[in-house]
1. Out of B:G103, B:G98, B:G70, I need the residue that is within 16 Å of ligand 2 (Cβ to nearest atom) and of a type in the set (G, A, S). Which one?
2. Does B:Y446 count as over 23 Å from B:F202 (Cβ atoms), touching a Leu at 6+ places or on another chain (Cβ under 6 Å) and touching a residue at least 24 places away in the same chain (Cβ under 8 Å)?
3. Please tell me if B:F180 is in a loop (DSSP other than H, G, I, E, B) and either within 16 Å of ligand 2 (Cβ to nearest atom) or within 14 Å of chain A (Cβ to nearest Cβ) (or both).
4. For segment B:367-414, how many residues meet the condition of being outside any loop (DSSP other than H, G, I, E, B), open to solvent by less than 10 Å² (accessible area, probe 1.4 Å) and over 22 Å from A:E184 (Cβ atoms)?
5. Restricting attention to segment B:26-51, which residues are within 13 Å of ligand 2 (Cβ to nearest atom), open to solvent by less than 20 Å² (accessible area, probe 1.4 Å) and either facing chain A (nearest Cβ under 7 Å) or among the aromatic types (F, W, Y) (or both)?
6. I need a count of the residues in segment B:239-257 that are away from ligand 1 (no atom under 13 Å from the Cβ), crowded, with 24+ Cβ neighbours inside 10 Å and either β-branched (V, I, T) or within 8 Å of another protein chain (Cβ to nearest Cβ) (or both).
7. Within segment B:117-136, is even one residue in contact with a helix residue (DSSP H, G or I) (Cβ under 9 Å, 6 or more places away or on another chain) and within 16 Å of ligand 2 (Cβ to nearest atom)?
8. Quick one: in segment A:61-116, which of the residues that are among the acidic types (D, E) and either open to solvent by 10 Å² or more (accessible area, probe 1.4 Å) or touching a strand residue (DSSP E or B) at 6+ places or on another chain (Cβ under 7 Å) (or both) is nearest to the other protein chains (Cβ to nearest Cβ)?
Amino acid sequence: MRRRTFVISLASWLVSTTSLTRARVIHGSIPWSPFPDSAPEIVRPGPWQFFTLDEARAMEAIVDRIIPPDPETPGGKDAGCAVFIDRQLRGPYGSNQGLYRLGPFGKGTKEQGAQSELTHAELYRKALAALDGHCKSTQGGKSFAELGASEQDDMLRKIESGEIKFETVDAQGFFSALLKDVPEGFFSDPIHGGNRDMVGWKMIGFPGIRYDYRDWVHRHNERYPYPPVSIAGRADWTPKSRA
Amino acid sequence: MARKLPRKDVVIIGLGWTGAIMAYELAEAGLDVIAIERGPWRNTATDFPPGYAADELRFRIRHELFLRPGQTTFTFRNKASQTALPIRNWGAFMPPNGVGGGGVHWNAETWRFLPSDFVLKTHLTERYGAGFLPEDMTIQDWAVTYDELEPHYDKFEYLCGTSGQAGNIKGTIMEGGNPFEGPRSRPYPNPPQDQPFSHTLFAKAARDLGYKPFPQPSGNMSRPYQNPLGVRLGPCTYCGFCEWFGCGNYSKASPQTTILPALIRNSNFSARDNSEVTRIDLDSSGKRATGVTFVDTAGDEWEQPADLVVLSAYTIFNVQLLLLSGIGKAYDPSANTGVVGRNFTHQTVSDVVSFFDSAKFIFNPFIASGAIGMCIDEFNGDNFDHAAHGFVGGGYVGQVQTNGRPIETTPVPPGTPLWGAEWKQAVKENYQSATKPGTGVHGSMYSYRDVYVDLDPTYKDRFSRPLVRITMDFHDNEIKQNKFLTDKFAEIFEAMGAKQVHKEYRKAPYDITKYQTTHLCGGAIMGSDPNTSALNRYLQNWDVPNLFVLGASAFPQNAGYNPTGTVAALAYWAADAIRTKYLKNPGQLINA
Ligand SMILES: Cc1cc2nc3c(=O)[nH]c(=O)nc-3n(C[C@H](O)[C@H](O)[C@H](O)COP(=O)(O)OP(=O)(O)OC[C@H]3O[C@@H](n4cnc5c(N)ncnc54)[C@H](O)[C@@H]3O)c2cc1C
Ligand code: SF4
């Protein structure tokens, strides 16, 4: 039995004519396949899959301003937030798979929700290009990644407030996407490429997927003592290869 | 051309909670039953094993177990004067998909409605006078009473192994339970779950303020349990990955863990998954259903003939299939005629997020279950005198904190920047010592003339069928109710010693992007008059008597509780009527 990847299993609920999921008649006993049908795909380190090198540099700078490093905890960059977003944009999230994408695209009220024609991948691509263009024309030819931390903060604040607008794409919409996607990269399970070494979880004291707290539910106002566990386990459980 | 399948006694549309209950009851009665389900079969062992079920990104953020809006969605507007636009990604609610329906990823908060909820219009009019109700409010009595439903509530709670403390057994008020509940015939099958720290603090503060706190009734097992169908559930481990997730421990009541293993052994039951019913077929008189038409994932169209059709596709899909099949007259708000789409309601929930001294309080918020919490019911329904307040309705409030999952539940005090060093520091400082209930204020939403569903004139689904259009806004009554409840709720957190209490009121206009609950109600309501209801008191359709429509679509208006206890009780009630009345004499059970 072949294990399907996360990407394919996502695609498989999209009931479509090319679907891998076949309708079945179920009768007599519960259908059961001997191996999990939809185990997650584990993101591995490696080259960028969605971002170009320039985009990746800008993104690593951005995620480090959204979640800056401090003496105890790494920032967004070292936590892998840009890698997380890279893999997400390459996957079903990037292509808005499964979302409703038919027109017409009206403007609508805030209460009616986002009506953009752009996919998440297109939004990032356009916004990063616009950011780069904006920086080069206003910062003496420097790209965003080349600016100092406080200049970067200043620029992000102006995008957030709407003071800086891009011609090609909604700059504030891009910033809202960042405010969702970067913390997701910091706090989601490390199998998705962010939260490297579970740094986000260690920072707050979240034990990950330990799954059984029956012996702790009545221990009130006591700090839970065990370190976090990811879906992929813990680094110290993995045998080190012998040099 | 649809290919025709062999005739069945019963075809069930949708194999969620109500479909599974009805399938079991009718298969037990000896009928040949087939269920047709839009999504895939879902199985605890293979679909949500503990090794990877606890993936917040995949299940909570990316909605893996839910319907994809690309399959079908709805359009939304606040008022009839606006153009409705499609819900492109889920927000205010999230429809299920697949065998088990919402029962797979619900929290299992298992409530009964108040006796007065079933006679709401009569009760409120008698107590406050007809003039007290807002003019455009269209609330109605249910045509079934609490006492009639009591045995069916009981049956569902024993099916699920509900953990809880009874508050009223046959009229005797029980210490530690909810003193406002209707009389129940016996205690819950299981004792309440253990409560984490913040939940017990909340209960103490509430008690000190003179309220009667009690543990929320929960379909998360407080101990191992074998239900009356012989299916076993294991004890809940308080894993904190419950709502939005399937339970890998077989500890949460769901169709998978309570009914399906018993149902599937019935030789006269079968199911088809990955098959979406597109229409209920009628004969030439339009008064009799002949079966259903569905499309499978290969795009092939099939016809399933049957003598009895059970529509159990969830509130809004029930309404959609009635409208698309031309069953019953569509509601027209301007003329105030028609019944299908009328009295559609949702919910009025809000929250209070509280920040405590991090040197003194460690809450371990990740130790939690789907339905865990301590609640008070003093402000629900008509449990208090509304005369001075100028609104009707209410809700329960509680420290129902179901998780400390860090993408969703890392609250920071209001005024904190949304990013940067200050935000990071605030996240770190408050994670262990803040409380953030999921739906701390769980309020009713009553029905109005201008809140309804119909078919959208512009937008279509992947089969080119019109999307259902939702026209919905909050009215002053609901906004006042929510303010009142939220303020009362906040007082309890202040009494707990919070240093900062932040009230997140529910405000108008109704916002489709802000999650409330997936507790949509109404649209095909039950009643005693076919001019103002689509179904009679047995959930039998007034126009097509061999069609029964299950689910919260039957609620004339929403109450201040989660719906599923009542949805399931109504399903058992309808099943009982089919078994004891309809099968003997298949036809209209009530003469209008
Ligand atoms: C995240 C979440 C948390 C919840 N928590 C609670 C809670 O704590 N307490 C509570 O009381 N309630 C809760 N609910 C609500 C609860 O899930 C529903 O009340 C309950 O599942 C309704 O049962 P049903 O049988 O009417 O519909 P469902 O369980 O939704 O089942 C309907 C089934 O029909 C299928 N279907 C739909 N259309 C078609 C079609 N055209 N053809 C074939 N099949 C179709 C669907 O795929 C689905 O499987 C929650 C819901 C959600 C989403
Ligand atoms: S909290 Fe309990 S019932 Fe819910 S998923 Fe975890 S173990 Fe299962």
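The values are calculated or read from the model by the stated rules, or taken from the named source; none is laboratory data. Please read these numbers as outputs of a predicted model, since none were measured by experiment. Cβ: placed from backbone, ideal geometry, glycine included. Neighbour counts: every protein chain shown. In case anyone asks, the SASA skips ligands and DNA or RNA and just uses the protein heavy atoms, side chains included. Shrake-Rupley method; radii C 1.70, N 1.55, O 1.52, S 1.80 Å.
1. B:G103
2. no
3. No; evaluated as a whole, the condition is false for this residue.
4. Let us first name the residues in segment B:367-414 that are outside any loop (DSSP other than H, G, I, E, B), namely B:368, B:374-376, B:395-399.
Cutting the leftovers down to open to solvent by less than 10 Å² (accessible area, probe 1.4 Å) gives us B:368, B:375-376, B:395-399.
Next cut, over 22 Å from A:E184 (Cβ atoms) only: B:375-376, B:395-399.
Count: 7.
5. The answer is B:F48, and nothing else.
6. Total satisfying the criteria: 3.
7. no
8. A:E111
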